[in-house]
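In what follows, a single structure is set out as structure tokens and then discussed.
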Amino acid sequence: MFRSIRPVFSRLALLLGLVANVAYAEGTQRGPDAFAALCETRLQPVEIRVLTELETPPLDLAHSAAELAVLRKQPLKAGEVVVGLTQVRQRYDMRWSYQGLRERNGARSCIRSRIEVKLILNQQVYVATEFPPGTCGHDEVLAHEQRHVAANLAQLEKTARFVEESLRAQEGGAPPWMGEPAALREAVLERARVSWMAQLEANFHQVDREHAIIDSVEESQRYRQLCNGEMERTLRGIVKEPAKGR
């Protein structure tokens, strides 16, 4: 049985860039709620941007099936051969800045956030050297890995929409923060660490169901019948060879 596996290496990076573009202005002392009302009308709404950054996956043709099995970092089952591999590295960068007003006497400040989240996806595709370019087997293995690539890209876009909707629901309609920028920064950082990053990771991993279908036993059996017997002959040859580097 041959199966092409997509391990995921996640790298979560949180970059809170505190940009001092605060529009401090004089408030008023006419009443206990007057400053809050001024903040509500003068400050722009919370700004939220969610972006995706994608790269065309490079293709590595320099590793044998045995070497790909090592790169996969998972034990092989009996009869399993790794002839193609798609590695994924994810990174989520968040940048935060603010706009604000300060009372004339400096007693209070009000702030609204600007939040930008960038979802970055890097993929690396491998096809084993036993299936060199120009062969039917190479084309079939590459097509299989491209299905994994496409599934990851589609899920990244879904995750971006999920993140934007979640942030707007949690932060978009919030009243201005009454306090100092440093305190708000720490509050945003804590929410990002505890909640937002976990939601991002969990949402992206919903794609694992799609990868399981692509790598099903039925698909593996179907691949053995392709290319007028070429796939079956090559796979048998790989199984007979000793695994290198293990």
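Condition first: within 22 Å of the chain's Cα centre (by Cα) and open to solvent by 80 Å² or more (accessible area, probe 1.4 Å). Now tell me which residues in the range 38-53 satisfy that.
Glu47, Arg49
Could you pull out the residue among Leu184, Leu189, Leu200, Leu226 that is in contact (Cβ under 8 Å) with a residue 12 or more places away in the chain, within 30 Å of Val81 (Cα to Cα) and out of contact with any Pro (no Cβ under 9 Å at 6 or more places or on another chain)?
Exactly one residue qualifies, and that residue is Leu226.
Checking Phe35 against (1) open to solvent by less than 20 Å² (accessible area, probe 1.4 Å); (2) assigned to a loop (DSSP other than H, G, I, E, B), which test does it fail?
(2)
Which of the residues that make up the range 192-225 are at pLDDT below 80 and open to solvent by 60 Å² or more (accessible area, probe 1.4 Å)?
If the condition is that a residue be at pLDDT below 80 and open to solvent by 60 Å² or more (accessible area, probe 1.4 Å), then Arg193, Val194 are the ones that fit.
May I ask you to list the residues in the range 47-89 that are within 30 Å of Trp177 (Cβ to Cβ) and not hydroxyl-bearing (Ser, Thr, Tyr)?
Once the filter is applied, which keeps residues that are within 30 Å of Trp177 (Cβ to Cβ) and not hydroxyl-bearing (Ser, Thr, Tyr), the range 47-89 yields Glu47, Ile48, Arg49, Val50, Leu51, Glu53.
Look through Ala62, Ala154, Ala107 and report the one residue that is without any contact (Cβ under 8 Å) to a residue 40 or more places away in the chain and open to solvent by 10 Å² or more (accessible area, probe 1.4 Å).
So the residue among Ala62, Ala154, Ala107 that is without any contact (Cβ under 8 Å) to a residue 40 or more places away in the chain and open to solvent by 10 Å² or more (accessible area, probe 1.4 Å) is Ala107.
Evaluate the range 86-101: report whether one residue or more is part of a loop (DSSP other than H, G, I, E, B), surrounded by fewer than 21 Cβ atoms within 10 Å (Cβ to Cβ) and among the charged types (D, E, K, R).
no
Output the qualifying pairs, or none if there are none: Cβ atoms under 9 angstrom, residues six or more apart or on different chains, first residue in the range 129-148 and without any contact (Cβ under 8 Å) to a residue 40 or more places away in the chain and at negative phi, second residue open to solvent by 60 Å² or more (accessible area, probe 1.4 Å) and assigned to a loop (DSSP other than H, G, I, E, B).
Taking only residues 6 or more apart or on different chains, the pairs are His138/Leu61; Asp139/Pro133.
Hey, among Leu184, Leu189, Leu142, which residue is within 28 Å of Pro57 (Cα to Cα), assigned to a helix (DSSP H, G or I) and either of a type in the set (A, V, I, L, M) or open to solvent by less than 60 Å² (accessible area, probe 1.4 Å) (or both)?
Leu142 is the lone residue from the list that is within 28 Å of Pro57 (Cα to Cα), assigned to a helix (DSSP H, G or I) and either of a type in the set (A, V, I, L, M) or open to solvent by less than 60 Å² (accessible area, probe 1.4 Å) (or both).
The values are calculated or read from the model by the stated rules, or taken from the named source; none is laboratory data. Fair warning: this is a prediction, and the values are worked out from it, not measured in the lab. Positions of Cβ are backbone-derived with ideal geometry, glycine not excepted, and every protein chain shown enters the neighbour counts. Quick note on the areas: whole protein, heavy atoms, side chains included, nothing else; ligands and nucleic acids left out. Shrake-Rupley method; radii C 1.70, N 1.55, O 1.52, S 1.80 Å.
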